[in-house]
Amino acid sequence: MIYLDNSATTRPLPEVLDSFQKAADQYYANPSSVHSFGSEAERLLERSRKQASSLLQVDPQEVVFTSGGTEGNNMAVKGIAFQHQTRGKHLITSRIEHPSVIQAFGALESLGFEVTYINVNKEGKVNLEELKGALREDTTLVSIMSVNNELGTLQPIKEIGRILKDYPKIFFHVDHVQGIGKIDLPIKDWGIDLCTISGHKIHGLKGTGALVVQKYVSLFPLLHGGSQESEVRAGTENLPGAVAFVKALRLLHEDQSGKSDHLRTLRHLLWTSLKKRSYCQINSPRDGAPHIVNFSIPGYKPEVVIHSLGQKGIFISTKSACSSKQPDVSTVLKACNLDHDLTTSALRVSMSYQNNEKEIENFLEILDTTVEKLQQTMG
């Protein structure tokens, strides 16, 4: 099997599963219980939070453990909008955000908020001049992802942070789900107020993640009840999940330190090899994130190609897993103003540090064979 759908989810590492198992078995008390067993669980939770904060270079109290990217994005977007609506109800995002961001803004629009959707160029990069022009006195939030989940486009987060420094009342949220461990994102240095991370994208477990909330940021909680997670996320904490998430984060940090060139080498091999093939067109920018390559094979439904590759034990995807069962057109590629035949035939290869050059070479060889057979069938 050659697994090249790592932007949808990754295989949990054995060390992560082991950490989860040990925490679930040995520290099953409620961290909020006042007895000594509960106190042990609470200490483990706070130790995990401190480790996460060290890896993310933020303060421990700024790490809120969540169930993943969707919750983190909703918590940030809706939390800011509701908490600061008396000051203003204008919000800004881009047209190519993850569905959990786009739909959160759509829900807020139905409640009377006004949203400006910033356009992108053909490579999926946001228009900074348009962003500057959209900023208003009643704007409370700008939310832009660090790495686009379909194209791998790197957004100018540092530049946006610099622009927003002149607007201290506007909060800046970054969906860093696809970027964590692949690109550097100094949260504090770049003026990021809220940052979303997901565990299952980094060889952790589904249902785990974190939202970094700078200590000066006030959020309206989506969940009400107990005072857990700095009173912004009520409910008994998923201690084993938090422990496993932090273990995945630590292992990812080691990979990024020692294997970043390896991932870039794989992408260069894939990008340059696909570029030579006349039957496809690459949609991802050459200088994109080191783990995502999006390309189209015009005239062929992506589901047909994916199914054919799957029969050979090769797994890629078409677009975001959260929208892959929606109509054929990729809303991300459509927002980039690409031709219709490209938006309806796009495929995404997404790699991890676990992949190797041989797998990429095998994928390319089998892709050639697959397309040749499809051409014969249709011919």
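The values are calculated or read from the model by the stated rules, or taken from the named source; none is laboratory data. Predicted model only: the values in this text are computed from it and were never measured. Virtual Cβ from ideal backbone geometry, glycine too; neighbours counted across all protein chains shown. Calculation scope for accessible area: heavy atoms of the full protein, side chains included, ligands and nucleic acids excluded. Shrake-Rupley method; radii C 1.70, N 1.55, O 1.52, S 1.80 Å.
Note on the chain: antiparallel DSSP beta bridges, both residues inside, total approximately 50 percent of the bridges counted. Between the helical axis of 239-275 and the longest alpha-carbon principal axis of the chain there is an angle of about 20 degrees. Loop-located trypsin sites (Lys or Arg not before Pro) in region 69-147 (DSSP state not H, G, I, E or B) with no more than 10 neighbouring Cβ atoms inside 10 Å do not occur. Note on Glu229: accessible area is roughly 10 Å² with a 1.4 Å probe, heavy atoms of protein only.
Once all protein chains are placed together, Tyr353 keeps about 10 Å² accessible to a 1.4 angstrom probe. Pairs of alpha carbons in region 216-266 separated by more than 17 Å make up 59% of all such pairs.
Within the listed set Thr208, Thr343, Thr265, the residue fluctuating most in the Gaussian network model of the chain (springs between alpha-carbon atoms under 10 angstrom) is Thr265. Checking every one of the trypsin sites (Lys or Arg not before Pro) in region 239-299 against DSSP loop status and a limit of 13 other Cβ atoms within 10 Å picks out Lys276, Arg286. Is it possible to state the helix-based mean residue ellipticity at 222 nm for the chain, with each DSSP H run of 4+ residues giving -39500 (n - 2.57), the sum divided by total residues, to the nearest 500 deg cm²/dmol? What is it? The per-residue figure over the chain is -13000 deg cm²/dmol.
Starting from the eigenvalues of the Cα gyration tensor, five times each then square-rooted, give me the equivalent ellipsoid semi-axes of the chain, largest first, whole Å. Ellipsoid half-lengths, sorted descending, are 35, 27, 17 Å.
Given a 1.4 Å probe and the protein chains as shown, Glu365 ends up with an accessible area of around 120 Å².
The angle between the Cα long axis of helix 36-56 and the main principal axis of the chain comes to about 50°, on a 0 to 90 degree scale. Translational diffusion of region 183-227, estimated by Stokes-Einstein from the Kirkwood radius over alpha carbon pairs at 37 °C in a medium of 0.692 mPa s, is 260 µm² per second. Cα centroid distance between region 189-213 and region 223-278, in Å? Going from one Cα centre to the other spans 7 Å. A Förster radius of 45 Å combined with the Cβ-Cβ distance from Lys188 to Glu361 puts the calculated FRET efficiency at roughly 0.65. Counting every pair of alpha carbons in region 1-73, the share spaced more than 18 Å apart comes to 59 percent. Given in Å, the Rg to one decimal and the Dmax to the nearest whole number for the Cα atoms of region 266-379 are 13.4, 39. Listed cross-link partners Lys312/Lys373; Lys169/Lys215; Lys188/Lys247; Lys182/Lys247; Lys165/Lys215; Lys125/Lys334 are compared with a 19 Å cut-off, the Cα-Cα value being larger for Lys188/Lys247.
Of the accessible area of the chain, computed with a 1.4 Å probe over protein heavy atoms only, carbon and sulfur atoms account for 49 percent.
The length gained by stretching the chain between Lys215 and Asp368 to full extension, at 0.36 nm per residue less their Cα-Cα distance, is 49.9 nm. Gain on full extension, evaluated as 0.36 nm per residue between Ser39 and His224 minus their Cα-Cα distance, stands at 64.3 nm.
Maximal additional length on extending the Leu135-Lys165 stretch stands at 9.6 nm, based on 0.36 nm per residue less the C-alpha distance. Seen against the Cα atoms of the chain and their longest principal axis, helix 69-83 is set at about 50 degrees.
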